[in-house]
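In what follows, a single structure is set out as structure tokens and then discussed.
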Amino acid sequence: MNICVVGTGYVGLVTGAVFADLGNDVTCVDRDKAKIDSLKRGIMPIYEPGLEEMVKRNVDDGRLSFSTKLEEAVRRSEIIFIAVGTPPKANGETDLSAVEEVALGIARALDRYKVIVNKSTVPVGTGDLVREIIDRNKRRQIDFDVVSNPEFLREGSAIEDTLRPDRIVIGAPTQHVAMTLLELYAPLERPMIITDVHSAEMIKYASNAFLATKISFINAVANLCEQAGADVTHVIKGMGMDARIGPSFLQAGLGYGGSCFPKDTDSLIHTAAKLDYDFKLLRAVVTINRERSQRFVQIIQNALSPLSDKVIAVLGLAFKPNTDDMRDAKSLEVISDLVKAGATVRAYDPVAVANAKPLLPPGIVYTHSAYEAAEGADGLAIVTEWNEFRFLNMERVKQAMRRPIIFDGRNIYEPERIRRLGFAYHSIGRRPVVPS
Ligand code: NAD
């Protein structure tokens, strides 16, 4: 099939590469000329395991190309995926201007029947909006259909998630249109759910809001554990073994960040308000999440106050491991609070430093390794749980530090082991431990 994917970010580029790998002819379009020029030279705009190889293979085989010319690419294609950004406005509402702009471009290029598929995360009713824009602006009386096909990939495992999703949701106006998408996805041999457009749009938000709720719930329990002298990691084990609950997304820590959960929870609250429903539960989820980083910095302050003459090594800047994405990363909140309190910050991340620098306050020392970050530090704060931090030579870390204190915002270490290595150790939802 000839496919056009508009937006070459995490979702669009991965989707385009995977569809090409399945044997389709794919044009990936973006309005960002620099991005398209880099992609044409084989340089990936994002870090995503396996992506570069997959893109190269398909470009070499002539199935994948890149362009800034939306209308040309639309004319060549039978199916057009919209995968542009849908950032939040200041009031939490979703900014749909990029989606609207693409819909307008599609309308202008419409020269025969096409299926327009919305992969961007958009509030319920956006499919209708896209249909209206195309209808109003198309130049000839040509039929088309609008489908909702929300994306569930996770950054850091985006290729794997796109090749093996838990489910593929297809919200289509008719069974016949749904079949087009069914056929496209058939080679993946994954479960597919066919529904109407509104329900598909809602499935995406309800899923993300539910996962965010799980995270905030366990973080609230972690707060209780700290007061009650219980260990949240044991509580999680005991809860997660209940098949009705399950262990995933039950990790106490600094809370959720990234380009999806914060904006999608805010957006659903906003949609609910527009529909005259006060989504109190979700508002509480957001509030609990906002308090996480302040609480963490407070733990650091309680242990090291005043911070004005202290050096804090921060390990991990990306919003989660295996990505260089800094959108709504907890490191931004933690570091700016530390800097506000007067601390000197030495920061390390395996891949996100370049993206982090413009977003963080001046004066931060960026290092090339965790050991270098630890040099002369009064405290080591784990903010993102990159795997390499689990396997550090802790003896070397201790020798580098001025004072051996670890603040683990992601509970990556076992307290007793760290205590035996001679560190004071503060983590989430567990008693602090000090060396004997
Ligand atoms: P992104 O910011 O990484 O990429 C969006 C791309 O769209 C950018 O390259 C931008 O230049 C391009 N773009 C914007 N307006 C355009 C226009 N008018 N014409 C052509 N290109 C345009 O975004 P992303 O992370 O890939 O997310 C895309 C959508 O998918 C969002 O709605 C997001 O909520 C959703 N989503 C993201 C993820 C994720 O993990 N990143 C997961 C699931 C769903």
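Key figures
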| read-out | value |
| --- | --- |
| Qualifying position, being touching a Lys or Arg at 6+ places or on another chain (Cβ under 6 Å) and at pLDDT 95 or above, among 414, 385 | 385 |
| Hits in the stretch 306-324 (condition: over 14 Å from residue 377 (Cα atoms) and of a type in the set (S, T, N, Q)) | 322, 323 |
| Among the residues listed as 170, 134, 194, the single one being more than 13 Å from the ligand (Cβ to nearest atom), part of a strand (DSSP E or B) and crowded, with 20+ Cβ neighbours inside 10 Å | 170 |
| Cβ pairs under 6 Å, 6+ apart, first in the stretch 48-68 and crowded, with 17+ Cβ neighbours inside 10 Å, second assigned to a loop (DSSP other than H, G, I, E, B) | 51/44 |
| Selection count where residues are crowded, with 20+ Cβ neighbours inside 10 Å, over 30 Å from residue 11 (Cβ atoms) and touching a residue at least 60 places away in the same chain (Cβ under 8 Å), scope the stretch 301-350 | 4 |
| Qualifying residue in the stretch 138-156 (condition: part of a strand (DSSP E or B), more than 16 Å from the ligand (Cβ to nearest atom), within 28 Å of the chain's Cα centre (by Cα) and without any contact (Cβ under 8 Å) to a residue 60 or more places away in the chain) | no |
| Residue match in the stretch 351-365 (condition: assigned to a loop (DSSP other than H, G, I, E, B) and closer than 20 Å to residue 413 by Cα) | no |
| Number of the condition not met by residue 425 [criteria: (1) within 19 Å of residue 338 (Cα to Cα); (2) touching a Pro at 6+ places or on another chain (Cβ under 8 Å); (3) assigned to a helix (DSSP H, G or I)] | (3) |
| Residue check, residue 50 at positive phi, in the same structural domain as residue 185 (by TED's automatic domain parsing) and near the ligand (Cβ under 10 Å from one of its atoms) | no |
| Total residues in the stretch 294-350, condition within 16 Å of the ligand (Cβ to nearest atom) and of a type in the set (Asp, Glu) | 3 |
| Complete set of residues in the stretch 274-300 that are loosely packed, with under 15 Cβ neighbours inside 10 Å and among the aliphatic types (A, V, I, L, M) | 275, 281, 284 |
| Scope the stretch 380-409; condition assigned to a loop (DSSP other than H, G, I, E, B) and closer than 18 Å to residue 324 by Cβ; matching residues | 383, 384, 385, 386 |
| Members of the stretch 6-22 that are out of contact with any Pro (no Cβ under 8 Å at 6 or more places or on another chain) and more than 10 Å from the ligand (Cβ to nearest atom) | 16, 17, 18, 19, 20, 21 |
| The stretch 190-235, residues that are within 19 Å of residue 149 (Cβ to Cβ) and of a type in the set (D, E, K, R) | 190, 196, 201, 204 |
| Single match in 32, 25, 60 (criterion: away from the ligand (no atom under 15 Å from the Cβ), out of contact with any strand residue (DSSP E or B) (no Cβ under 7 Å at 6 or more places or on another chain), at pLDDT 95 or above and assigned by TED's automatic domain parsing to the domain that holds residue 182) | 60 |
| Test: residue 416 is within 29 Å of residue 46 (Cα to Cα) and of a type in the set (Asp, Glu) | no |
| Residues of the stretch 225-265 classified as part of a loop (DSSP other than H, G, I, E, B) and either touching a residue at least 60 places away in the same chain (Cβ under 8 Å) or surrounded by 13 or more Cβ atoms within 10 Å (Cβ to Cβ) (or both), total | 16 |
| Enumeration of residues in the stretch 35-47 that are within 13 Å of the ligand (Cβ to nearest atom) and not acidic (Asp, Glu) | 35, 36, 38, 39, 44, 45, 46, 47 |
| Unique match (being at pLDDT 95 or above and over 17 Å from the mean Cα position of the chain (by Cα)) among 212, 243 | 243 |
| Set 93, 101: member being under 16 Å from residue 201 (Cβ atoms), of a type in the set (Asp, Glu) and either in contact with a Pro (Cβ under 9 Å, 6 or more places away or on another chain) or within 9 Å of the ligand (Cβ to nearest atom) (or both) | 93 |
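The values are calculated or read from the model by the stated rules, or taken from the named source; none is laboratory data. What you see is a predicted model; the values in this text were computed from it and never measured. Cβ atoms come from the backbone with ideal geometry, glycine included; neighbour counts cover every protein chain shown.
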